[in-house]
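> First the structure, then my questions, so here it is.
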Amino acid sequence: MSVNWSKYSAPQAFYPLAGRLIPWFAVVAVALMGVGLYMGFFVAPTDFQQGESYRIIFVHVPAAWMSMFLYVVMAVWAGIGLGLNARLSFMMAQAIAPTGAMFTFLALLTGAMWGKPTWGAWWVWDARLTSELILLFQYAGVMLLRTSIDDLRRADRSSAVFALVGVVNVPIIYYSVQWWNTLHQGASVSMSTGSKMAATMLMAMLIMTIAFWLYSIAVILARVRCIVVERDSLPVWDERSAVSQEVVEVR
Amino acid sequence: MKPRHKRFAFIGLGLLVLGVATVLILNAFQSNLVFFFTPTQVAGGEAPHGRSFRIGGMVEDGSLVRENDGLTVHFIVTDTAKRVPVTYKGILPDLFKEGKGAVAQGQLGVDGTFVASEVLAKHDENYMPPEAADALAKAKASGAQQSKSLVVPDGRKGSL
């Protein structure tokens, strides 16, 4: 049995599919967040230098990873939208921006809360912190540019170009701690050198990362549905009639 | 070439040009993007003169001296090649320790002493439980006696 996936590039077909997927992602995300936080706060050992204050990494690192990852995903959707003139791609890019901005803000906030007891400063202007702050401004710029243009097609295209240009900042954030002297420490977990953390700490952090990832998917799909309804000026569709209509079409 | 292939090629080309431009710009501003200077850079005259900058490195083992007023501290920041003495009056962060990283902001005096107005602790990327750290320290201590002969001779170290 083959499924014609390309049919889901039409917003009308994607809408009910997203509706069916959201609860699964949401439930698993909440469950994993519970497990991850429990492991982070109660199972993972105390750190030999920082004591308990290090436990903020179970939120900070996954949030920072998601902030960068979501920006790349947003830029990819923006690029596909520009290349194929696909409406749903632009809608995906639009839906990702607020969640990405939220994770960027969360990473900066938790970082400041960790920086005060560890470094002795809430904020310093080193390359890592500054480039992450610029990422927050980029998310804001993408959203502002879209709302400032009334013509939807032009709004889509200009914010897509803005998102694509901004993607150069992501490798800068990631490698800033290697390229320049920074106060922020180097990566504890990396593809090339493996992990410099105790196993339970790493496990809790990875579970939180997967939880944040699934949460992002659930929230973004929900937002795409809102955008579809909003743009097509349709009343909120009745799920069942949309599905049954689909079944009729297939027959 | 279909129009959509053209558009994707255009996007790819644009990103490539942008990437190259970014690399060139970042290289040009290399010295402005560092958060601190190392003692070797300070000794080489790369750090700014007459104005405030940051110096970073390891706090040398056994170099931390506290004056009788309890606030003024002296320590030596080193990158194993060069050493810079630092004076600071104020409260040190909790994680400030000998043998760990630190970043100090201030000015270099004429006598070569760095007078700091702010001291930050630089944390490393290692996270482990205290028991594991103890085991590591013990292993290192027993290993140090055996590997002493492998350490770079002092004479060569000074010339670095």
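> What residues have an amide H closer than 5 Å to that of A:Ala121, excluding those fewer than 5 places away on the same chain, when H is modeled at 1.01 Å from N in the peptide plane?
For A:Ala121, the qualifying residues are A:Lys116.
> Oh, and also: Once you put a point 7 Å from the Cα of B:Asn68 and another 7 Å from the Cα of B:Lys6, both along the Cβ direction, what distance in nm separates them?
8.5 nm
> Work out from phi, with θ = phi - 60° and the Karplus expression 6.51 cos²θ - 1.76 cosθ + 1.60, the ³J(HN,Hα) of each residue of segment B:8-20, listed in order in whole Hz, and give x for Gly and Pro.
5, 4, 5, 4, x, 4, x, 5, 4, 4, 4, x, 4
> Along Cα→Cβ, 7 Å out, is where each label goes; now give me the distance between the ones at B:Ala133 and B:Thr80 in nm to one decimal.
Taking the two extended label points, one gets 2.1 nm.
> In addition: In degrees from 0 to 90, rounded to the nearest 10, what is the angle of the helix A:127-148 Cα long axis to the longest principal axis of chain A?
The angle comes out near 20 degrees.
> Do you know the relative contact order of segment B:69-118, to the nearest whole percent, from alpha carbon pairs under 8 angstrom that are 6+ apart? Intermediate values should be presented prior to the final figure.
Numbers: 66 pairs, mean separation 16.8, N = 50.
Dividing the mean separation by the residue count of segment B:69-118 yields 34 percent.
> Can you sort A:Trp114, A:Trp24 from fewest to most other Cβ atoms within 10 Å of each residue's own Cβ? Intermediate results must be reported in sequence, preceding the final value.
On the way: A:Trp114 20, A:Trp24 12.
Placing the least packed residue first, the sequence is A:Trp24, A:Trp114.
> What's the long-distance tail for chain B, i.e. % of Cα pairs beyond 18 Å?
Within chain B, distances greater than 18 Å cover 71 percent of Cα pairs.
> Just to check I understand the Karplus step: with θ = phi - 60° and J = 6.51 cos²θ - 1.76 cosθ + 1.60, what whole-Hz values come out for segment B:69-80, glycine and proline as x?
6, x, 10, 7, 10, 10, 8, 10, 9, 9, 10, 6
> Counting other beta carbons within 10 Å of each residue's own, what order do A:Trp122, A:Trp180 fall into, fewest first?
Numbers: A:Trp122 11, A:Trp180 20.
Fewest to most other Cβ atoms nearby, the residues stand as A:Trp122, A:Trp180.
> Continuing with the same structure: Given a Förster distance of 25 Å, report the FRET efficiency between A:Leu133 and A:Val72 from their Cβ-Cβ distance, rounded to the nearest 0.05. Intermediate results must be reported in sequence, preceding the final value.
Values: r = 18 Å, r/R0 = 0.72.
So the FRET efficiency works out to roughly 0.85.
> Quick one: compute the contact order of chain A, relative version, from alpha carbon pairs under 8 angstrom and 6+ residues apart, as a percent.
On the way: 278 pairs, mean separation 83.3, N = 251.
Relative CO of chain A lands at 33 percent.
> Take the Cβ-Cβ distance between A:Ser148 and A:Tyr8 as r, set R0 to 35 Å, and report the resulting FRET efficiency rounded to the nearest 0.05. Don't skip to the end; give the middle numbers.
On the way: r = 31 Å, r/R0 = 0.87.
According to the calculation, E is roughly 0.70.
> Moving on to the next point. On a 0 to 90° scale, report how tilted helix B:130-147 is relative to the longest principal axis of chain B, with both axes built from alpha carbons and the result rounded to the nearest 10.
The answer is roughly 80 degrees.
> Same structure, new question: Quick check on my link table: of A:Lys196/B:Lys89; A:Lys196/B:Lys82; A:Lys116/B:Lys89; B:Lys89/B:Lys138, which ones sit more than 25 Å apart, alpha carbon to alpha carbon? Intermediate results must be reported in sequence, preceding the final value.
Details: A:Lys196/B:Lys89 34 Å; A:Lys196/B:Lys82 28 Å; A:Lys116/B:Lys89 19 Å; B:Lys89/B:Lys138 34 Å.
From A:Lys196/B:Lys89; A:Lys196/B:Lys82; A:Lys116/B:Lys89; B:Lys89/B:Lys138, over 25 Å: A:Lys196/B:Lys89; A:Lys196/B:Lys82; B:Lys89/B:Lys138.
> For A:Arg20 and B:Asp94, what is the calculated FRET efficiency with R₀ set at 56 Å and r taken between the beta-carbons, to the nearest 0.05?
Working: r = 51 Å, r/R0 = 0.91.
With R0 = 56 Å, the Cβ-Cβ based efficiency is 0.65.
Every read-out reported here was derived from the displayed coordinates using simple, explicitly stated rules and does not represent laboratory data. Note that the structure is a prediction, hence the values are computed from the model and not measured. Don't worry about glycine lacking a Cβ; one is built from the backbone with ideal geometry, like all the others, and counts go over all protein chains shown.
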